[in-house]
Each structure stands twice: as structure tokens, then as C-alpha cells.
Amino acid sequence: MGRGDGPSQAARPALNEETTEGAATDPVAALRRIAYLLERSREPTYRVRAFRTAAATVEALSPGELRARAAAGTLTELAGIGKVTATVVTEALQGETPVYLRRLEATGGRPVAEAGAEIRQALRGDLHTHSEWSDGGSPILEMADSARAIGHDYIALTDHSPRLTVANGLTADRLRHQLDVVAELNERLTPFRILTGIEVDINEDGSLDQDPDLLARLDVVVASVHSKLRMPKDEMTRRMVIAIANPHADVLGHCTGRLITGGRGTRPESQFDPEIVFEACRQFGVAVEINSRPERLDPPKRLLRLAVEAGCKFAINTDAHAPGQLEWQVYGCDRAAACGVPIERIINTRDVDSLVAT
Ligand SMILES: [Zn+2]
Ligand SMILES: [Zn+2]
């Protein structure tokens, strides 16, 4: 990635949206470069336009006024400049490549699909799958065999929890029984490993819908919101943070709950404060799931970028309900690449022992 020749305040470098050259420390060029990169990753037009509008506003200012406003923190008083674009401008003026731009450039200018393929190659397993024990369509063994056939070393079997009755969620007794079945299967499948797990509902009060002692025995606990998705923002934020702070939670499943295509119709994102939620994930070491199901693709890219900024860990999962769906991981990998998710922060690139140990 070209960083240019360091800060050169003497003259505004020629604008070139095709490369980073000149974009690093010139606020207008940086804003336009961000717009270009967002376009390339097919972000909605309004988001792209926000950066171009901000670029036009900044360009109309004298260099003196721009610096004075950046120093005084009053850039956001200008029409078309918000918190994010003001930060980009301020960082560029300080002679740094803005963090936002750096993240967007993280694919190194390569096509997203190529960077996505590299991430897919690094994955060793899948941490969110369902069997016929809850609402999946296939026996556990078939899911495991298919995962092994596509090169995985492990999958976590994460069937639903009791309150999700529409999905035949497992009672504590059925889950205990499943643990015995998985233990037997693992003896046959070794070195492949089925990790024990659950996709546990996050109850309305933030508690988790399964016996804590049982949760403590599982290798992987994916915590997801499946009910009251429309609760007010503040309440949803509190609910999610309580779940994330639960010592048994390992992964935050499909965080917005949105549905964007498919037979189940569409559903808007649930509302929560992403900065608080992702900060909680970072603090408590809970991985943010990148859910690869085509109708989910959750979180949306703008939130995924925020989670990268927040320093979160990630798990790229399929949420497969049938063996063929295990291949959907590539969709999540492409999104991770487009949003600059560092490979070393993706927990399912780890081998099974180091994964389970943490
Ligand atoms: Zn779910
Ligand atoms: Zn699921």
C-alpha cells in the first residue's frame, strides 16, 4: 500500500481516485478516495455521497479556515460534515492517513474476491451450524462429513435453545443427550472434531436461555437475539451488552437480525448503539459473527467496519441448516475482505486446541 512520500503541505497533490497516491494527507483527496472505495464495494449511494459532499465543503474553505476549524473542533458545524468525515479531515491535516481510509485500503487494492479467497483459505472451521435436532435438515454426522469434505478441521454444532420453540429448541435434557451423541461421533471422526455448542437466545432481559452449568460445559456459545427485535434502541443496547458480558458467551450471532432477501421476506435491522455493543464485545472477548447466509449478511458493512475500528474479534460463520450451506462461508469472507477485517482477528482461523483454550 502506497503511503506517498509523507506529508507534503506545500501544494495540494493532484487528485487521483484510482490510487492512494496523494490521498493520504490531503483532506479532499482522502474524502474522495473513500467515496471511490465505498463505491467499489457497492455501498449505498447515499453513504458514498456523504463523503463527496464533505469533500466539496472542505474544498470551498481556505486552508487557514480549515486548519482553524479542525483545531477548534468546529468542522461539524459546517453543512455536509459529520463526525466521521470531520475525523478523516482532522487526521489528514495531522499528516496521517485517516484510519477510515486505511481500513478501506486493507485489501491492498486487490479485487475483493481475491482478498476474500485468501481469508477463506485461512479458515479452519465453522462456529455456527444446525442439525435436525433443532431446525436443521440433516443429521449431525452428515453436517460433520460435509464440513470435513470441504477442508474444515472442526464445526461447532449450535442448535437452538428451549425458548425458540418454532425451531424445536433443545431443552437442557435434550442438550445433555446431544453432548453424549457428539462425544461418540468424535471418537469415530478424529482428528476432525465436532465442537459442542448452542445458539442460545438472548432473553429480553439479556440473560441467556439455557442452564448456566450446561453453558459452561459447551465449547462454543453463540448468543443471538431472536425475539422482540423491534425493542427501543436503549433497551436493545442494554439487553445485548448484558448478554455479551455473560462469561459463557463466545460469539455474538447475526447482531442486527436483518433479513435482506429470500423466502422469509425482509426485516429491518434492530436498533442498538453499535459503539457500545462492539466495545463490550472487545472488552469481554466476544467475537462478532460475520453471518454468511445470503438473506442475512449480518452485520451490514458500515457496522462491520465499526467493529473492526473497535478492535473486535470475529467469527465468519455460515449458520448452515443443511450440508450444502456450509459453502456459504465465501460470502462472509468477501465481506470481511471488503471491510478490512484482519485475518489474525478471525477466531476460526485458529486450530481447534487454541480455539477451545481461549
Ligand atoms: Zn439465529
Ligand atoms: Zn443459527
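The single condition among (1) within 27 Å of Glu235 (Cβ to Cβ); (2) surrounded by fewer than 14 Cβ atoms within 10 Å (Cβ to Cβ); (3) not charged (D, E, K, R) that Gly206 does not meet is (2).
Of the residues making up segment 145-167, just one is surrounded by fewer than 15 Cβ atoms within 10 Å (Cβ to Cβ), under 27 Å from the mean Cα position of the chain (by Cα) and within 16 Å of ligand 2 (Cβ to nearest atom), namely Val166. Taking segment 237-254 as the range and being open to solvent by 40 Å² or more (accessible area, probe 1.4 Å) and either part of a strand (DSSP E or B) or within 16 Å of ligand 1 (Cβ to nearest atom) (or both) as the test, only Asp250 passes. Checking each residue of segment 121-132 against the condition of being open to solvent by less than 40 Å² (accessible area, probe 1.4 Å), under 30 Å from Tyr36 (Cβ atoms) and either touching a Phe, Trp or Tyr at 6+ places or on another chain (Cβ under 6 Å) or of a type in the set (A, V, I, L, M, F, W, C) (or both) gives at least one match.
In segment 311-321, the count of residues that are closer than 22 Å to Leu38 by Cα and either open to solvent by 10 Å² or more (accessible area, probe 1.4 Å) or within 16 Å of ligand 2 (Cβ to nearest atom) (or both) is one or more.
For Arg174, the criteria (1) exposed (fewer than 14 other Cβ atoms within 10 Å of the Cβ); (2) of a type in the set (D, E, K, R); (3) out of contact with any helix residue (DSSP H, G or I) (no Cβ under 8 Å at 6 or more places or on another chain) hold in every case but one, which is (1). Can you give me the ranges of the helices (runs of 4 or more DSSP H) entirely in segment 266-358 with at least 1 residues that are over 10 Å from the mean Cα position of the chain (by Cα) and in contact (Cβ under 8 Å) with a residue 60 or more places away in the chain? Ranges flagged: 301-310, 329-338, 352-357. Sub-9 Å Cβ pairs linking a first residue in segment 152-163 that is more than 11 Å from ligand 1 (Cβ to nearest atom) to a second residue that is among the basic types (Lys, Arg), at least 6 apart or interchain, are His152/Arg124; Asp153/Arg124; Asp153/Arg193; Tyr154/Arg124; Tyr154/Arg193; Ile155/Arg148; Ile155/Arg193; Pro162/Arg174, ordered by first then second residue.
Residue by residue, here is whether (1) over 26 Å from Ile150 (Cα atoms); (2) away from ligand 2 (no atom under 14 Å from the Cβ); (3) buried (at least 17 other Cβ atoms within 10 Å of the Cβ) holds:
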| site | (1), (2), (3) |
| --- | --- |
| Leu259 | yes, no, yes |
| Arg264 | yes, no, no |
| Glu279 | yes, yes, yes |
| Ile290 | no, no, yes |
| Glu309 | yes, yes, no |
| Leu326 | no, no, yes |
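Before we move on, is Asp234 open to solvent by 10 Å² or more (accessible area, probe 1.4 Å), in contact with a Gly (Cβ under 7 Å, 6 or more places away or on another chain) and either in a helix (DSSP H, G or I) or within 13 Å of ligand 1 (Cβ to nearest atom) (or both)? It is false that Asp234 is open to solvent by 10 Å² or more (accessible area, probe 1.4 Å), in contact with a Gly (Cβ under 7 Å, 6 or more places away or on another chain) and either in a helix (DSSP H, G or I) or within 13 Å of ligand 1 (Cβ to nearest atom) (or both).
If we scan segment 75-83, do we find a residue that is part of a loop (DSSP other than H, G, I, E, B), within 16 Å of ligand 2 (Cβ to nearest atom) and touching a Lys or Arg at 6+ places or on another chain (Cβ under 9 Å)? Explain how you work it out, then say what you get.
Step one: filter segment 75-83 for residues part of a loop (DSSP other than H, G, I, E, B), giving 78-82.
Pick out the ones that are also within 16 Å of ligand 2 (Cβ to nearest atom) and you get none.
So far as segment 75-83 goes, no, none of its residues is part of a loop (DSSP other than H, G, I, E, B), within 16 Å of ligand 2 (Cβ to nearest atom) and touching a Lys or Arg at 6+ places or on another chain (Cβ under 9 Å).
When each of Cys339, Cys333 is tested for being crowded, with 23+ Cβ neighbours inside 10 Å, away from ligand 1 (no atom under 16 Å from the Cβ) and at pLDDT below 95, the lone residue that passes is Cys339.
Any idea which of Glu118, Glu91 is buried (at least 21 other Cβ atoms within 10 Å of the Cβ), among the charged types (D, E, K, R) and more than 16 Å from ligand 2 (Cβ to nearest atom)? Before you say what the answer is, go through the steps one by one.
Values: Glu118 fails: buried (at least 21 other Cβ atoms within 10 Å of the Cβ).
The conditions single out Glu91.
Taking segment 148-173 as the range and being outside any loop (DSSP other than H, G, I, E, B) and over 19 Å from Val221 (Cβ atoms) as the test, the residues that pass are Arg148, Ala149, Thr165, Val166.
The values are calculated or read from the model by the stated rules, or taken from the named source; none is laboratory data. Note that the structure is a prediction, hence the values are computed from the model and not measured. Note that we place each Cβ from the backbone using ideal geometry, even for glycine, and neighbour counts take in every protein chain shown. Heavy atoms of the whole protein, side chains included, go into the accessibility calculation; ligands, DNA and RNA do not. Shrake-Rupley method; radii C 1.70, N 1.55, O 1.52, S 1.80 Å.
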